[in-house]
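The structure appears below as structure tokens.
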Amino acid sequence: MSYKVRCWECGREIENPLLDACPSCNGNLTVEMDLSHLKGTSPRDLRSRPLGVWRYQDLLPIGSGQVTLQEGGTPLYDCDRLADEYGVRQLMVKFEGANPTGSFKDRGMTVGVSRAVELGCKVVGCASTGNTSASLAAYAAKAGLKCVVLLPSGKVALGKLAQAMFFGAKVITVNGNFDDALRVVRELSHSGDLYMLNSVNPFRPEGQKTLCYEIVDQMDFQVPDRIIYPVGNAANIWAGYKALKEWEELGWIDKMPIFTGVQAGGSAPLVNSFAHGQEDFRPVKDPETVATAIRIGNPASGKKALKAVYDTGGVMTAVSDREIIEAQFLFGRKEGVGVEPASAASLAGLKRLLDEGKVSRRERVVCVCTGHVLKDPDTVMANCGQLIKTEATAEAVRQAIKN
Ligand code: AN7
């Protein structure tokens, strides 16, 4: 296992393991894996290890000393009832709610916290719309590290907040949104107060690559036509693209899927720039959406995400809060799978793109559903209708069923 950390913009090699951006050009960082030892092998050779993040350890920048909760290995559901409803040939859902803390973040955190331990860091921290903090808190507990999480005030879903507190993190809400919290945590990282495990840490996307490795593995090394992601801070879609680029270069797959990103209409800086064919974007000042996980106006990996989309002939689209909630409930009631609002953005985006004729009905599509429905019980209850209450008699219940 050998690798280099480089600036994704200017290519400069980065030696200092505590940097979160290029000292020359301020660009995003990326891990460049040396995969030459895998040339001439097959991804089937990895199948002696169980499905999950560490099946792919030969493609990850961590040797021994893994901090793991057995993350990954999530279901790839073939959703034929929802496919019929939307009118598309095949719709599969990668259900990331089945991870240890209920979101895809665990894939990045097993690698990121392993890296923190390798570096001898004692305090880890992040800014978060919720899921990153829940995940980091759990992995920090497992590794015996102190954990500090910065949350935007007010807009964090209850399940995520409860998790971060439960796992013993120091939970601090800042007077501002996620973008403000990220700015502050970067400053704390630069001053050496903590080791930052947001996805601008290039080890995080390395773990998140495995989401796409698993999809292709579960499809017996067929590549779907399209993979659709909800997009917030924008690292996850980039990680998937990076993953399959690596496999393409190894000759393990013979085509790339079309990477497609979905943002919530109230926080859609990347959709705006995609509409104008731009490689960079202008931040949105006051992002707002029911999908609080992706309530992010200044996505730190935005340029990387746009590259993933442009390079594979994809699209970036926006959906309304109403479309998100409709998709969330339809999915639950057609397929028996519960996802949080941000996750349902990928489904809502597919529906919209099919209706607009921008996605062909002949495609085989994978939607990535990033987090579990239990993360945000308040939004469920607000959209569910009334709870029925009766006397404890069979007759009263019979009446209630009839009404
Ligand atoms: C359920 O937890 O940014 O585009 O701080 O929780 O890689 O940011 C969460 C993001 C999608 C977007 N779905 O992923 C955080 C945070 C869910 C999420 C995203 C998030 P990125």
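Does residue 390 count as outside any helix (DSSP H, G or I), at pLDDT 95 or above and more than 26 Å from the chain's Cα centre (by Cα)? Break it down stepwise before answering.
Working: outside any helix (DSSP H, G or I): yes; at pLDDT 95 or above: yes; more than 26 Å from the chain's Cα centre (by Cα): yes.
Yes.
Would you confirm whether any residue within region 217-235 is part of a helix (DSSP H, G or I), in contact (Cβ under 8 Å) with a residue 40 or more places away in the chain and surrounded by fewer than 24 Cβ atoms within 10 Å (Cβ to Cβ)?
yes
Given the criterion under 26 Å from residue 339 (Cα atoms) and within 12 Å of the ligand (Cβ to nearest atom), identify the matching residue among 208, 218.
208
Scan region 58-107 for residues that are closer than 21 Å to residue 240 by Cα and either without any contact (Cβ under 8 Å) to a residue 24 or more places away in the chain or of a type in the set (Lys, Arg) (or both) and report the count.
Keep residues of region 58-107 that are closer than 21 Å to residue 240 by Cα, which gives 58-62, 68, 70-78, 90-107.
Within this subset, residues satisfying the condition of being either without any contact (Cβ under 8 Å) to a residue 24 or more places away in the chain or of a type in the set (Lys, Arg) (or both) are 75, 78, 94, 105, 107.
Residues meeting the conditions: 5.
From (1) part of a loop (DSSP other than H, G, I, E, B); (2) within 15 Å of the ligand (Cβ to nearest atom), pick out the condition that doesn't hold for residue 278.
Condition (2) is where residue 278 drops out.
Looking only at residues in region 100-146 that are among the small types (Gly, Ala, Ser) and open to solvent by 30 Å² or more (accessible area, probe 1.4 Å), which one is nearest to the ligand (Cβ to nearest atom)?
Looking at the filtered set, the residue picked out is 141.
Would you check if there is a residue in region 311-319 being hydroxyl-bearing (Ser, Thr, Tyr), under 18 Å from the mean Cα position of the chain (by Cα) and modelled with pLDDT of 95 or more?
Yes, the conditions are met somewhere in region 311-319.
Which of the residues belonging to region 274-288 are in contact (Cβ under 8 Å) with a residue 40 or more places away in the chain and in contact with a helix residue (DSSP H, G or I) (Cβ under 7 Å, 6 or more places away or on another chain)?
274, 283, 287
When residues of region 296-344 are filtered for being of a type in the set (Ser, Thr, Tyr), surrounded by fewer than 24 Cβ atoms within 10 Å (Cβ to Cβ) and in contact with a Phe, Trp or Tyr (Cβ under 9 Å, 6 or more places away or on another chain), how many remain?
Summing the residues that are of a type in the set (Ser, Thr, Tyr), surrounded by fewer than 24 Cβ atoms within 10 Å (Cβ to Cβ) and in contact with a Phe, Trp or Tyr (Cβ under 9 Å, 6 or more places away or on another chain) in region 296-344 gives 2.
The values are calculated or read from the model by the stated rules, or taken from the named source; none is laboratory data. Please read these numbers as outputs of a predicted model, since none were measured by experiment. Note that each Cβ is placed from the backbone with ideal geometry, even for glycine, and that neighbours are counted across all protein chains shown. These accessible areas exclude ligands, DNA and RNA; they are computed on the full protein's heavy atoms, side chains included. Shrake-Rupley method; radii C 1.70, N 1.55, O 1.52, S 1.80 Å.
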